[in-house]
1. With every protein chain left in place, what is the accessible area of Leu326 in Å² (1.4 Å probe, nearest 10)?
2. Which sequence of Arg95, Arg53, Arg242 reflects their accessible areas, 1.4 Å probe, from the largest down?
3. Please give, to one decimal in nm, the separation of the simple spin-label points placed at Ile167 and Arg316, each 7 Å out from Cα toward the Cβ.
4. Calculate the length of the line joining the C-alpha centroid of region 158-219 to that of region 11-37, in whole Å.
5. Roughly how big is region 41-132's charge dipole about its Cα centre, with Cβ charges of +1 (Lys, Arg) and -1 (Asp, Glu), in debye to the nearest 20?
6. Can you compute the radius of gyration and Dmax for the chain, using only the Cα atoms, both in Å?
7. Each label point is 7 Å from the Cα along the Cα-to-Cβ direction; what then is the distance between the points at Ala55 and Arg75, in nm?
8. Leaving ligands, DNA and RNA out of it, work out the accessible area of Phe127 with a 1.4 Å probe and give it in Å² to the nearest 10.
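The values are calculated or read from the model by the stated rules, or taken from the named source; none is laboratory data. Computed from a predicted structure; not experimentally measured. For neighbour counting, all protein chains shown are included, and Cβ atoms are generated from backbone atoms with ideal geometry for every residue, glycine included. Side chains included, ligands, DNA and RNA excluded: accessible areas come from the protein's heavy atoms. Shrake-Rupley method; radii C 1.70, N 1.55, O 1.52, S 1.80 Å.
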Amino acid sequence: MGARANYVVMQGGSWTLHTSRWGAAGMATDLAYGPAAAIRCFRANPQVPAEQRTAPGGWLDDVWCEGAALVDADRRVLLWFSGEANHWVEQAAHRAVLERAWAGWEVRWAFDGIGDLHAYLGLGRAFVREPGFRETGSSFWEPPEGRIDTLVTVTGQDGVTGAWGSIYDVDEELCGGPGLPGHLPAGIPPPELPVMPTGGLHFDLPTRTLGIWTVGIVPGIHDWPLPGWEDWRLDFWGADHREQLARSGGSARFPEVDLRPELAAWRDRIGDPPLDPAALLALAVRAPHGRDDTVAVVDPRATVKHEAPDPTDEERAALAAVFATLVA
């Protein structure tokens, strides 16, 4: 239980590694007050001993790391990811705010998750990854009955492009390999998209090229090919869904999105008390566990609160101005 995060602060030619049991749950808000507040926040959380920074055991891995941020104050780079936002509109709101709150900085999303931070530090993307760390399985498709996570478009050997919706996210679909087009039914209309999906896959069968966009992470994406995709070329579009639209032959149509309601909701949450781990753990301990002889065990580290930012009046005013500009 938790929302584990790693933080890296690079300044003056050296770097420190920090960790938080609950930090990933509010990563975007911790970053929203700007670079100085974020650095203070990260340094206030437990620091990993220097001798463990360059050892895999000092870091969270792809399974346990639910968010991470690297602040390079020397080069003015922010590299981050978090699983707290599960919808396109949330991610778009985060990008809009951080681009302004970190004006003059290069703000990057870590599409490879913790692997991007390790690559930036020169540790290598496989630093905490064992060979075969990505799960693989068989591809399949089922008709979506609710939310569509991934828009799938396929250009066939005849040059005609069709579109389908999938209830699985991009990372899950990639685990199934390139057999998905063979499961897609012919003759059905393109999916209606009342909200934006979180990602898209475009299969170009004549050239065996896979186009991908996502607002999430795909561990291993920069070490293409992923298992099962050895005969396919990759076009990685980051978070830009327009690339898929341009190749869809009119079969795909994305909805217009107004970010203002999401921005206003986020603005109104700013200043809410941080997660109380003791209260959450108490609920978990009291929850039924299915067997009378089950004993709940609590890791003492889970009771350590996340040290959230303590913004100055000037930082609060700057963030309020950012929201005012975007919501207006």
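1. Counting only protein heavy atoms, the figure is 30 Å².
2. Ranking Arg95, Arg53, Arg242 by accessible area, largest first, yields Arg242, Arg95, Arg53.
3. Reported label-point gap for Ile167 and Arg316 is 4.5 nm.
4. Answer, in whole Å: 34.
5. It comes to approximately 300 debye.
6. That works out to 21.3, 62 Å for Rg and Dmax.
7. With each label point 7 Å from Cα toward Cβ, the separation is 2.7 nm.
8. About 40 Å², ignoring ligands and nucleic acids.
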